[in-house]
Amino acid sequence: MLPSDEGQMTDQQKFVAKGTAHVNLVARPETVDVAFVLLPKFTMLAFSAALEPMRMANQLTQQVLFRWTVLSDDGKPVACSNGVPIVVDGAWADARPEGIVLVVSGVEPEGKASVALGDWLRGLWRRGRTVGGLCTGAYALAQAGILKGRRFTMHWDNTTAFAENFPDLEPSRQVFSMDDRVMTCAGGVAAADMMLKLISDRFGAELGQEVMNMCLLTQRRDEADSQTASLATRLGTRHDKLLQAAAYLEARIEEDLDLDGCAEHLNLSRRQIERLFNRYLGITPVRYMNDLRLARGRALLAETDMKVTDVAVACGYASTSHFSKSFRKKYGVSPYRFSHFGG
């Protein structure tokens, strides 16, 4: 439906679709307004996963439990990360949202949220509104200066670059978070988890469950659930000492590899640690650490404007040439070519 046609529709016509399944709400609840601010290259999956549970809640109850509007920087369509353009209702600067405001971001989030947007979000939050971010939308909230001292989250793939941009802020690795009128989620289907909690809290567990059924979801993850599989699952082993050794190395990715220190920490010999890595992972501890550093370097090159020399230092390499050679060997391209900024 075109925006001109939407202006002639009632809320019931615009926001409530017909369906066979039904949930009866005894009381007439207050409608929740949600405004989505789409930033360039936002993640479509996160956007739709947040929007569709609200639509289904309306459909199941045949009531306008949720109203939504979609905004952009200039009121023009926004292309998401897969290139599909999304038509919006207007510019955020012209909007006066009364409910929840969610910034939807995605790949290459650095620089997408302007200072003006940050000021706008901060003003809304100070006036009692709930604000939030989907996927990398936390960048905009950080720009607004409202994340300090609050629990928040974002997609795990972007936390490395985020730490370089905002070293005083530390996102959690949980699926979603709600803290002091700040809602954030890791993106993807985690947006559905967050909205399902909102639906259950506002309108009851029965409706929340039926919305899950409509989404074909068998369970809703809790707020504190981890975004990714555990270290044991990732490595494919539950060997306690190996997991401790891997965790020790991961926590010291910027430091020189100190296998003797790791061995002393675990009360093992250096040789024992080397055998564990070889037996269960098929690689040496040096290779394991190098892979971690290269993955970190790739993330920094993709999501920040850091120079290759600075990335090499941030990843614990003694020289840029060593980093470049290792990067090319693993990824088949030099870090200078891979970087959007040319090093």
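The values are calculated or read from the model by the stated rules, or taken from the named source; none is laboratory data. Everything numeric in this text was worked out from a predicted model, so none of it was measured. Heads up, the Cβs are rebuilt from the backbone with ideal geometry, glycines too, and the neighbour counts pull from every protein chain shown.
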Extreme residue, modelled with the lowest pLDDT, among residues of the stretch 171-224 that are of a type in the set (Asp, Glu) and within 18 Å of residue 133 (Cβ to Cβ)
223
In the set 312, 318, 299, the lone residue that is of a type outside the set (Val, Ile, Thr) and in contact with a Gly (Cβ under 9 Å, 6 or more places away or on another chain) is 312
From 327, 323, grab the single residue that is in a helix (DSSP H, G or I), in contact with a helix residue (DSSP H, G or I) (Cβ under 9 Å, 6 or more places away or on another chain), farther than 18 Å from residue 255 by Cβ and modelled with pLDDT of 90 or more.
327
Subset of the stretch 248-289 [in contact with a Leu (Cβ under 6 Å, 6 or more places away or on another chain) and aromatic (Phe, Trp, Tyr)]:
280
Hey, could you check the stretch 34-74 for residues that are under 25 Å from residue 94 (Cβ atoms) and among the small types (Gly, Ala, Ser) and say which is surrounded by the most Cβ atoms within 10 Å (Cβ to Cβ)?
46
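Working carefully through the options 275, 287, 298, find the one that is over 28 Å from residue 155 (Cβ atoms), part of a helix (DSSP H, G or I) and outside the structural domain of residue 109 (by TED's automatic domain parsing).
From the options 275, 287, 298, the qualifying one is 275.
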Given the conditions (1) over 12 Å from the mean Cα position of the chain (by Cα); (2) modelled with pLDDT under 95, every one holds for residue 124 apart from (2)
Single residue of the stretch 36-62 satisfying the filter (among the small types (Gly, Ala, Ser) and touching a helix residue (DSSP H, G or I) at 6+ places or on another chain (Cβ under 6 Å)) that is farthest from residue 155 (Cα to Cα):
57
Per the list (1) of a type outside the set (A, V, I, L, M); (2) touching a Lys or Arg at 6+ places or on another chain (Cβ under 8 Å); (3) crowded, with 19+ Cβ neighbours inside 10 Å; (4) more than 25 Å from residue 136 (Cα to Cα), residue check on residue 315 breaks on (4)
Those residues of the stretch 225-249 which are within 20 Å of residue 154 (Cα to Cα) and either surrounded by 14 or more Cβ atoms within 10 Å (Cβ to Cβ) or modelled with pLDDT of 80 or more (or both) amount to 225, 227, 231
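Residue-wise test of (1) surrounded by fewer than 17 Cβ atoms within 10 Å (Cβ to Cβ); (2) outside the structural domain of residue 126 (by TED's automatic domain parsing).
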| position | (1), (2) |
| --- | --- |
| 167 | yes, no |
| 176 | no, no |
| 180 | yes, no |
| 184 | no, no |
| 194 | no, no |
| 202 | yes, no |
| 220 | no, yes |
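This table checks each residue for (1) among the polar types (S, T, N, Q); (2) surrounded by 14 or more Cβ atoms within 10 Å (Cβ to Cβ).
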{"residue": "263", "(1), (2)": "no, yes"}
{"residue": "269", "(1), (2)": "yes, no"}
{"residue": "279", "(1), (2)": "no, no"}
{"residue": "297", "(1), (2)": "no, yes"}
Which residues, taken from the stretch 119-146, are surrounded by 20 or more Cβ atoms within 10 Å (Cβ to Cβ) and either hydroxyl-bearing (Ser, Thr, Tyr) or within 29 Å of residue 312 (Cα to Cα) (or both)?
135, 136, 137, 138, 139, 140, 141, 142, 143
